[in-house]
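Below is one structure, written out as structure tokens; the observations come after it.
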Amino acid sequence: MKDIIRKVLREESQKKYVRSNANMEKIIISYLNKQMVGAKRVVEDPKQFYGNHGEHWCKNGLVIARSTYYFNNDEDDDGPELHNFNQGDIVFSKQIVDDIVRLFKVRRSYVLNVIAEWYDEIYATKYGEETGHPEIEISSGSDHDFKGRVCPGEVKIPEKISDGEMMDFIRSNSNEYSEDWLDNAWSHDLRKAYEIVAHKLKKQNNPLSEMIKLDINVGDTVMGGKFKNKKVIVKTIGKNDKGDITINGKPLLRFRILKEGKKI
């Protein structure tokens, strides 16, 4: 009954936000599926997460989404611990959600509803089967700016490193953190900053692992615009904060690469 009520509420919400295009949900889901291609899943250890479960999804070593499944860890009158599922949520990259809102001209609330339903049907269901918790489901979706958060396990922090040693490492290898911030940062924040700086150094020291092979070069012509029918000269090729390939600062998916020898 709870699943039926949740589905009805989401369907009513979607009708409110998108009235003219019945295919919009499929379009958004297709876009989300493309974002997940090549993504790495890192599963939380419930023992380190107060009995709760979770998954990080990462691309190019950085977090793009995180799901959390909360459990009630109470005790009954006889003493044994109860471990009942409470609720689940999915947090997706704000940058990706912003792109969907801008590209498809839909409201953010609608996009988050679609993300919650999509993730629940595909990923939460699979996780529930893997862990023996078929009752797991996603109740809500939201977005968050992960600000370059490094994927768990991507950077190994020395076990006995002190706050002072982390501060020295950050100072020596980055100018993004002020002395005032370093002096007032908590250990947890210093560890995050350490991971970000160490990850950037890792990429700089291993340029071959970050090479992108494209059949285009600066100076070539590609097709861009809303319908990908306008000539665009390639001025720059790079990556954005999400690790996606960009042409002239815009995502590669916004362009159409011409086949060799084709005239325009």
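Counting Lys +1, Arg +1, Asp -1, Glu -1, what net charge surrounds ASP163 among other residues with beta carbon under 11 Å of its beta carbon?
Combined, the nearby Lys, Arg, Asp and Glu give -3.
Would you kindly state how much longer the chain becomes between LEU201 and LYS231 on full extension, computed as 0.36 nm times their sequence separation minus their alpha carbon distance, in nm to one decimal?
The span from LEU201 to LYS231 would gain 7.1 nm if fully extended.
Net charge around ALA193, counting only other residues with Cβ within less than 14 Å of its Cβ (Lys, Arg = +1; Asp, Glu = -1)?
Combined, the nearby Lys, Arg, Asp and Glu give -3.
Under a point-charge model restricted to the Cβ atoms of Lys and Arg (+1) and Asp and Glu (-1), what is the dipole moment magnitude of segment 163-209 relative to its Cα centre, in debye to the nearest 20?
The dipole magnitude comes to about 420 debye.
Please list, in order along segment 40-50, the HN-Hα scalar couplings obtained from phi with the Karplus expression 6.51 cos²θ - 1.76 cosθ + 1.60 (θ = phi - 60°), rounded to whole Hz, x for Gly and Pro.
9, 9, 10, 8, 5, 8, x, 5, 9, 10, 6
Based on Cα positions only, what radius of gyration and what Dmax would you give for segment 163-209, in angstroms?
Both quantities, over Cα of segment 163-209: 11.2, 37 Å.
Each value in this text was obtained by applying a stated rule to the coordinates, not by laboratory testing. On a predicted model such as this, the values are computed, not experimentally measured, just so you know. Glycine gets a Cβ as well: all are built from the backbone with ideal geometry, and neighbour counts include every protein chain shown.
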